[in-house]
Structures are given as structure tokens and as C-alpha cells.
Amino acid sequence: MFKTDAELWQEIIANSGKSWEELIKRYQALVYAVSTRAGLTMMDAADCFQQTWLALYKNRKKLKDPSRLSAWLVTTAKREALLLRRRADRDSGITDTSSCRYGNNPVNKEAELVSPALLPDEELEQLENQARLEIALDELDRRCQQVMEAFFFAPENKSYEEIAISFGISSNSLGPLRRRCLERLKQILLKNQGAGERNNAKSTL
């Protein structure tokens, strides 16, 4: 049964290790994406990942709005990545991050393009939106998950007829099924967004 972030968080506050593992599984790709896109080495990205989750655990009783978990994780991961970048530069005796090297190894081209702010707000927002989409997809029933995967996430492009055959239905039936699943996905996204806005309103009272 799918649980919202708020539901998982209440269980985490009650010391549920299983819920903590579920939360990490849900957002691990988001946290790791922030660290790697910030230009960290694999080792530093792993440190950033660990420190971000450690910070969340230490502050678990201070977090008032669990619906903003993804934003909190992105902000914290970005801060931890900046600290690691600065430490790596300091250890290498480098102050100019535009030509930064870690040890004797040049950073990759992606890292060379990273701005001093590490990641622009637009990209951070994109990562958050991706996390919200993945959460909404998890809430879909298995049939709709398979439909979304076939149309939007499959490694190979299949024709409409091929997708219909894989589901054992006619092409005429596939269209309505796809529309129903997209509508359901939209409803879940709106529901989750509304829950977050309600929690934000409560926190300001």
C-alpha cells in the first residue's frame, strides 16, 4: 500500500526503520542526482548522499512540513555538495573552481560547466518535479504503471499496435486506457500538490 511522505514521516518519528528505508528508496535518485550534477567525484557524491540523509535524520523532529521533504533534501544536498567542492579545492590548493581538479584527476566536462552556485534553481526545480512524478507513478495501479512505462519510459520505441499486442488488447482499446491512466496520474499529482499547500497553510497559522 502506497504511503504519502507525511504518513512515512509520522512512522519515522515513531522510530520505524522500515519507513526510513522506504523514504530513502523514494528519494535516493533525487539526492544522488543533485550531488553528481554538482560535479562531485563518485566518492564525494557518496559522501554527499550520506551526509544529506544523516542531516535529515538528525533534524527529523524539527521538520514541520513533511510535504516539503523533496525541497529540503535538494537544498541540503546542494549545501553538502558545495562544502565538499570547497574541501576538495582546498586540499588540492585550488581556489578557481572553473579549472578545478580533484587530486591529479581533471573533473569531467559536466563538472567544468557547473556554475559557482553549483546548480541553477531551474534545474533544482526540475529534479524536484521529477521526484514528484516518480512518487505519483508509484501510486498508480500496476496496469497504469505498465502503460506509462510502455509509452514514455521504455528503452525502445514501439508502435501503437505493438504496445496494444503486448497488453493483449486492440489498438482501439489502448487509446482510452492510455487516457484514463494519464488522467489518473494528473489527479494524483494535483492531490499531492494540494496536500502540500494545505500543510504549508497550517504551518503558517
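Listed values, structure above:
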| quantity | calculated |
| --- | --- |
| Residues Arg90, Arg132, sorted so that the one with the fewest Cβ neighbours within 10 Å comes first | Arg90, Arg132 |
| For region 144-193 and region 34-79, distance of Cα centres in Å | 33 Å |
| Taking all pairs of distinct alpha-carbon atoms in region 1-92, Kirkwood radius in angstrom | 13.7 Å |
| Length released on extending from Leu133 to Glu21, taking residue separation times 0.36 nm less the Cα-Cα span | 38.3 nm |
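No value in this document is a laboratory result; all are computed from the given coordinates. Small disclaimer: the values here were computed from a predicted structure and weren't measured. With ideal geometry, Cβ positions are generated from the backbone for all residues, glycine too; neighbour counts draw on all protein chains shown.
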